[in-house]
1. Kindly evaluate Val173 against the criterion of being surrounded by 13 or more Cβ atoms within 10 Å (Cβ to Cβ) and closer than 30 Å to Gly17 by Cβ.
2. Would it be correct to say that Lys56 is open to solvent by 60 Å² or more (accessible area, probe 1.4 Å), modelled with pLDDT of 95 or more, not in a strand (DSSP E or B) and not small (Gly, Ala, Ser)?
3. Here is a list: Thr100, Thr51, Thr96. Which entry is surrounded by fewer than 17 Cβ atoms within 10 Å (Cβ to Cβ) and not charged (D, E, K, R)?
4. Just wondering, is there one or more residues in the stretch 184-200 that are more than 22 Å from the chain's Cα centre (by Cα) and open to solvent by less than 70 Å² (accessible area, probe 1.4 Å)?
5. When you scan the stretch 111-122, do you find a residue that is under 18 Å from Ala34 (Cβ atoms) and aromatic (Phe, Trp, Tyr), even just one?
6. Could you list, in sequence order, all residues of the stretch 59-77 that are farther than 21 Å from Gln33 by Cβ and open to solvent by 40 Å² or more (accessible area, probe 1.4 Å)?
7. If Thr130 meets every condition in (1) open to solvent by 20 Å² or more (accessible area, probe 1.4 Å); (2) assigned to a strand (DSSP E or B) apart from one, which number is that one?
8. Specify which of the listed residues (Ala36, Ala16) is surrounded by 13 or more Cβ atoms within 10 Å (Cβ to Cβ), of a type in the set (Gly, Ala, Ser) and at pLDDT 95 or above.
Amino acid sequence: MKTLIALCFLACAARAGLKWETTEVRLEVHPAQATANAVFRFSNAGKEAVTIGDVKVGCGCLAPQLAKRTYGPGEEGELTIRFDLGNRAGPQSKTTTVRTSDGQSVDLVVSGNLPKAYDVLPAMMRIGGTEKTKTARLVNPNPIPIRLLSATSSHKELSAELKTIREGFEYEVLITRKPAASNARAVIRIELEPPPGKSDAKILKLYAHAP
């Protein structure tokens, strides 16, 4: 019996494979943050080298990054999953499935409650008839200021102007229909100031149509 137990122990040790420090990383992000990295650390607890094969993300917003694929016994490594936050807000849970050469698989979860940078009202507007200009109101629901830097229209016949009401907290975007506009559609891109220590920020969008 002791021999059988010893053999089972050795077999299990040989198949130990990758051991993960955690299988879920919860993100805490700034409301204006565009991307965030979740780092999953692991070590090879087995007696043989293990190769990470398939890394399948459950959302196109996730991008996995590995320094290498194969890890020897006792070797440590980490899998970084870059999360493109876009304009997502509220509770989020995204899964990445990792399969290894020893037949094991693990689900790694990136989660968090993402804050909204701005409420945009309305997000879609129609400028028709005798109307020349319409206004969208942007309000920061957070206790920290987030500056808006510019508003740019994708259509030359629908211009966009950013107006500051209360710096960091409240703005207006004025969409003006030019005389030549006919069935014009525009995406208005609103640039945010990057959070401290970051080089980029979210881009807010609103949409305009002049029939």
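The values are calculated or read from the model by the stated rules, or taken from the named source; none is laboratory data. Here the structure is a predicted model, which means the values were calculated and not measured. Every residue, glycine among them, receives a Cβ derived from its backbone with ideal geometry; neighbour counts consider all protein chains shown. Side chains included, ligands, DNA and RNA excluded: accessible areas come from the protein's heavy atoms. Shrake-Rupley method; radii C 1.70, N 1.55, O 1.52, S 1.80 Å.
1. Values: surrounded by 13 or more Cβ atoms within 10 Å (Cβ to Cβ): yes; closer than 30 Å to Gly17 by Cβ: no.
When the stated conditions are applied, Val173 does not pass them.
2. Details: open to solvent by 60 Å² or more (accessible area, probe 1.4 Å): yes; modelled with pLDDT of 95 or more: yes; not in a strand (DSSP E or B): no; not small (Gly, Ala, Ser): yes.
Considered against the rule, which asks whether it is open to solvent by 60 Å² or more (accessible area, probe 1.4 Å), modelled with pLDDT of 95 or more, not in a strand (DSSP E or B) and not small (Gly, Ala, Ser), Lys56 comes out as no.
3. Numbers: Thr100 fails: surrounded by fewer than 17 Cβ atoms within 10 Å (Cβ to Cβ); Thr96 fails: surrounded by fewer than 17 Cβ atoms within 10 Å (Cβ to Cβ).
Step by step, each of Thr100, Thr51, Thr96 is checked, and only Thr51 is surrounded by fewer than 17 Cβ atoms within 10 Å (Cβ to Cβ) and not charged (D, E, K, R).
4. If we filter the stretch 184-200 for residues that are more than 22 Å from the chain's Cα centre (by Cα), which is where we start, we get 184-186.
Checking which are open to solvent by less than 70 Å² (accessible area, probe 1.4 Å) leaves us with 184, 186.
Looking for residues that are more than 22 Å from the chain's Cα centre (by Cα) and open to solvent by less than 70 Å² (accessible area, probe 1.4 Å), one finds at least one in the stretch 184-200, hence yes.
5. Yes, that holds for at least one residue.
6. Here is the first cut: in the stretch 59-77, the residues farther than 21 Å from Gln33 by Cβ are 66-77.
Of everything in the stretch 59-77, those that are farther than 21 Å from Gln33 by Cβ and open to solvent by 40 Å² or more (accessible area, probe 1.4 Å) turn out to be Leu66, Ala67, Lys68, Arg69, Thr70, Pro73, Gly74, Glu75, Glu76.
7. Against the list (1) open to solvent by 20 Å² or more (accessible area, probe 1.4 Å); (2) assigned to a strand (DSSP E or B), Thr130 comes up short only on (2).
8. Details: Ala16 fails: at pLDDT 95 or above.
None of the others qualify; the one that does is Ala36.
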